[in-house]
Amino acid sequence: MKFSSPFASLLVLVSITAVSPAPSNGRGEGVVRFPLTRKSTGIAGHADLSALTTQLTRVSNKYRQTFAAFEANTGSAHPLSGRMMSSISKRDGSAVLLTNQGTDLWYGEIDVGTPKQKFTVSIDTGSTDLFLPSDSCVLTCQGHAMYYADKSSTAKDQKNLVALTYGQGQVIGDEYTDDVFIGGYEAPNQAFLDAFQYSSDFSNTNFKPDGLAGFAFEEISVLKAPSIFETISNSGVLVENVFSVKLSSTSGESELYIGGTNTDLYVKNTLTYTPVTTQGYWQVNLGAISRDGSTVASNAASIIDTGTTLIIASDAAAEAYYKNIPGSSNSTEGEATYYTIPCETIGSYTPTLTFGGRDFTVSKETFNLGPESSGSSDCTAGIAGMSSVDFWVVGGVFLQNVYAVFDKENLQVGFAELA
């Protein structure tokens, strides 16, 4: 199997085009809608497996570090952490380690400070913390909007040096608190990293947003702080303590919706909820995953992660999924194993995921990531194996096929068929 250069066709960059407040209720409270557009970069016509390998390495790092944060914050190991955490060595206690979801990003606009400074941040349901580039980040932060702490009257230096690891690179900075605004909502005294060093992976060429905002729970925060969304929802200003997403490859059809759901985008009687099983991640029970009428796995732990492109499973689960598919093959790169299926038949082997007793089928367009190389008759499939996990990470391959609702109030995740 041939590997292409990194940061190519599968690196999806999504930018904000507008912010539209929805009608408010009688108390002046409302929801905020963020229209999103999809922008692809790099090589067209085939899957970039080298870039996917880079991303999956970062996904692995993200879960290692957030598992460590969960244990530090709660005093107990996360129930899914066993296989991953066995490979972590002890680190210096003065540094808190974070990671992001890689270069498949959905990003939106926030304001920080008094007076307000404007930034774009990727929105990642697989992590919690916020980081931004500091004005003292001179070289690799060029092209990004940078945070000037000395220009904000509400900025507070927490005197805590934080190192963020991203593969072989690092982002280093100081922990600050300041007032953060998203869509008109305020997260007062929000903790974040003011990074004075970005690795080359986070240069403007490779990382279009200025920073990253996690939308998971405080239990996996290495800063021991609530996410922006938690801070806002805890203040009581939202109609519902919910945010929802629709992800699409079609321009103008994607959005993040804060404070409720956009009922125009999904079939209401198909909205099905399943409870969060361990608060920290948006972790829910995957009732079943099947293909071609056969169940491959059932009652499996899963994490719903907008910061991941693929559906990721353990090596054994991925192998079981592709078993007996005519012409399928695999290739391993580091921790990750990718699978191909002949392009002419790949649409016959798309997965169906069952949540809360309802089946949701992945389309052939999102499951087929493209030919493994230019001109190949074999196409890369959207489920990959990873040796360090024994749970499922449910990313964009699935999420582009449903409307997803993240309900903090009732600790549940909902999925619905798209309208």
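For the reader, a short list of remarks on this structure follows.
- Antiparallel %, DSSP beta bridges [both residues in the stretch 208-323], to 5: 95
- Gained length - residue 250 relative to residue 151, 0.36 nm times residue gap less alpha-carbon distance: 31.7 nm
- Taking the three principal axes of the alpha carbon atoms in the stretch 263-417, the coordinate ranges are 48, 34, 27 Å, sorted in descending order.
- Reachable aspartates and glutamates, given that their alpha-carbon falls under 13 Å from the alpha-carbon of residue 116 and they are not under 8 places away in the same chain: 150, 178, 179, 186
- Cβ-based exposure ranking for 48, 157, 305, in which fewest neighbours within 10 Å come first: 157, 48, 305
- Neighbour counting of Cβ atoms within 10 Å sorts the residues 399, 161, fewest neighbours leading, into 161, 399.
- Modelled FRET efficiency - R0 25 Å, residue 237 with residue 159, Cβ distances, 0.05 increments: 0.25
- Ranked packing of 402-414, 127-139, most packed first, by mean Cβ within 10 Å: 127-139, 402-414
FYI, it's all coordinate maths here, none of it is from the lab. Just so we're clear, the structure is a prediction, and the values are computed from it rather than from any experiment. When we count neighbours, we look across all protein chains shown, and the Cβ atoms used for this are built from the backbone with ideal geometry, even at glycine.
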